[in-house]
Amino acid sequence: MTRNARILATVGVGLALFLAALDQTIVGTALPRIVAELNGLDYYAWVATSYLVTSTTLTPIAGKLGDLFGRKPFLLGGMIGFVLASALCGQAQNMLELVAFRGLQGVFGGVLFASVFATIGDLYAPAQRAKLQGVFGGIFGLASVVGPTVGGYLTDNLSWRWVFYVNVPVGVLAVAVCVITLPMVVHKASWRDIDFAGAFALAATLVPLLVALSITRDHEFTSVEVLSLLAVAAVMAVVFFVLERRTPHPVVPFDLWKNPTFAVSTIIGFLLGFSMFGAILYVSLIYQGVLGIPATNSGLLITPLMVGLITASVITGQLMVRIKRYRYLGTVGLVIMTGGLLLLAQVGVGTPEIEVVRDLVLVGLGVGIGMPLYLNATQSAVDARYLGVVSSQIQFWRNIGSTVGVAILGAVLSHELPQKIAEVVPPQFASIAAASGNAQAIFDPSSIARIPPQLLVAIRSALASATHDVFVYAAIVSAVAAVISLFLQEVPLRGREQIQRRESEPVAAYGK
């Protein structure tokens with residue numbers, strides 16, 4: 001490819017990433033209006049859950065197929081399908097239709113996420129790739145900042161349906177650029193090389209697992225529903241492992257786990273997702289519940305974290321090619337993130353808002369360092385024919401980590417909050433607290449006026465105490481990731497010709 005063609009192809013791939021990342025953040029702002037119009041409060045959580053389940057399931061499958069048949073058809077197919085599914089979401093007449101269309105959108109979203117970072121691996125040698133992946137991490141963070149603001153504007157001034165329609169022009173532009181600039185890759189694979197049994201077994205493992213973790217918001221971990229789904233997932237996981245060890249083209253080559261760089265990076269991706277999404281999800285409770293700041297613009301609440309993420313992601317991509325022991329960048333980032341989470345745990349009723357902003361910037365810096373670093377290290381540690389598999393695996397395990405983190409940290413909060421409220425609420429206000437729905441009332445401006453000031457302060461203090469424990473647990477997980485990062489084996493970010501080894505060697509050879 002010529003230099004100009006490569007630049008245009010990179011722009012197209014960047015638009016594809018922005019398209020998928022924007023959708024993950026823009027929809028949340030419009031959900032309350034969607035629920036009000038479609039009368040579907042019972043299905044509120046499933047609008048996000050259906051997308052999460054299908055996108056996570058398709059990510060590793062699409063990554064493997066991209067390695068077999070080339071990235072371009074899957075990147076284009078993912079974008080076209082994503083745009084069409086977005087248009088269907090905008091046409092939904094009830095919540096069941098919206099949930100179904102969001103699930104379909106997640107299928108193509110998983111294909112997009114699996115293809116984007118692997119395509120960058122195809123276009124650039126490792127040294128250049130590190131810089132680009134830092135920029136792409138910044139694109140993801142930018143979408144997280146822009147999404148809620150754009151979603152709020154469209155919902156207020158046009159309609160919630162435009163939250164989905166806005167994907168159409170971005171998607172059409174991305175498709176046009178990629179069609180023109182991305183080269184087709186000649187391959188020798190056929191449909192017989194597709195691991196259909198493994199793909200089915202993987203889906204049968206992930207769907208019940210993710211649904212089980214998602215319903216812990218309103219079911220106990222020990223409930224029949226959760227335990228039954230987890231049991232099905234466990235059985236199918238064993239079946240999946242057995243099938244993958246016997247097929248010549250597995251969806252997930254388990255021999256890759258013999259490669260220490262891949263193993264360490266994947267584990268850190270899981271732990272990073274656990275801590276990061278814990279911070280993103282529960283920091284709104286600090287702003288609105290503990291500090292009493294109105295959520296007039298929910299996008300601004302998380303902006304400091306994303307500013308840190310974008311800044312660190314871009315800088316890390318530049319530093320990786322200049323520092324020999326780049327694994328210590330990841331360790332420093334995780335230590336910074338741990339410090340930010342511990343500081344968030346100290347937030348109380350009288351904490352200045354600027355301190356929360358500082359803490360979120362620290363968490364964002366840690367995440368921004370880790371996201372491009374471990375992805376690029378893993379891509380550089382394996383043969384080029386496994387770029388799609390390892391890229392999708394990093395994204396896959398990060399998604400699993402975020403789902404597990406939200407479930408576990410949510411269980412901690414729901415378990416401890418009632419106890420802490422009972423401990424701090426004065427006896428004379430016990431009946432009022434129960435009638436107000438305990439902590440839930442402090443998120444409703446119309447209800448706050450009816451709560452006695454002494455009771456309001458007591459409930460805010462109880463929520464601060466409960467979120468303290470949530471962020472401490474997230475910090476512990478981040479600290480474990482920092483320790484594990486010390487075991488990363490750096491692979492020199494050399495040219496493409498130096499990492500394309502003997503194509504006939506088994507995957508296990510790359511773990512030695």
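The values are calculated or read from the model by the stated rules, or taken from the named source; none is laboratory data. Since we're looking at a predicted model, the values are computed, not measured. Here the Cβ is made from the backbone with ideal geometry for all residues, glycine too, and neighbour counts use every protein chain on show.
Worth a mention:
- First in segment 251-278 and on the phi > 0 side of the Ramachandran plot, second anywhere and outside any helix (DSSP H, G or I) and aromatic (Phe, Trp, Tyr), Cβ under 8 Å, 6 or more apart: none
- If only residues of segment 374-396 that are assigned to a helix (DSSP H, G or I) and of a type in the set (A, V, I, L, M) are counted, the one that is surrounded by the most Cβ atoms within 10 Å (Cβ to Cβ) is VAL390.
- Single residue of segment 205-255 satisfying the filter (acidic (Asp, Glu) and part of a helix (DSSP H, G or I)) that is nearest to LEU281 (Cα to Cα): GLU225
- The one condition in (1) β-branched (Val, Ile, Thr); (2) buried (at least 17 other Cβ atoms within 10 Å of the Cβ); (3) out of contact with any Phe, Trp or Tyr (no Cβ under 9 Å at 6 or more places or on another chain) that VAL357 fails to fulfil: (2)
- Residues (touching a Phe, Trp or Tyr at 6+ places or on another chain (Cβ under 9 Å) and more than 19 Å from SER465 (Cα to Cα)) located in segment 321-354: ARG327, GLY330
- Tabulated pairs, segment 313-329, first at negative phi, second surrounded by fewer than 20 Cβ atoms within 10 Å (Cβ to Cβ) and among the small types (Gly, Ala, Ser), C-beta under 7 angstrom, 6+ apart or interchain: VAL321/ALA127
- Residue match in segment 295-313 (condition: at pLDDT 80 or above and surrounded by fewer than 19 Cβ atoms within 10 Å (Cβ to Cβ)): yes
- Just one of the listed residues (ALA449, ALA466) is at pLDDT 60 or above and over 28 Å from HIS249 (Cβ atoms), and it is ALA466.
- Pair list, Cβ < 6 Å and 6+ apart or interchain, from segment 218-238 residues that are closer than 18 Å to ILE400 by Cα to residues that are of a type in the set (S, T, N, Q): ALA233/THR205; MET236/THR205; ALA237/THR205
- Test result for GLY28, at pLDDT 85 or above, assigned by TED's automatic domain parsing to the domain that holds GLY171 and in a helix (DSSP H, G or I): no
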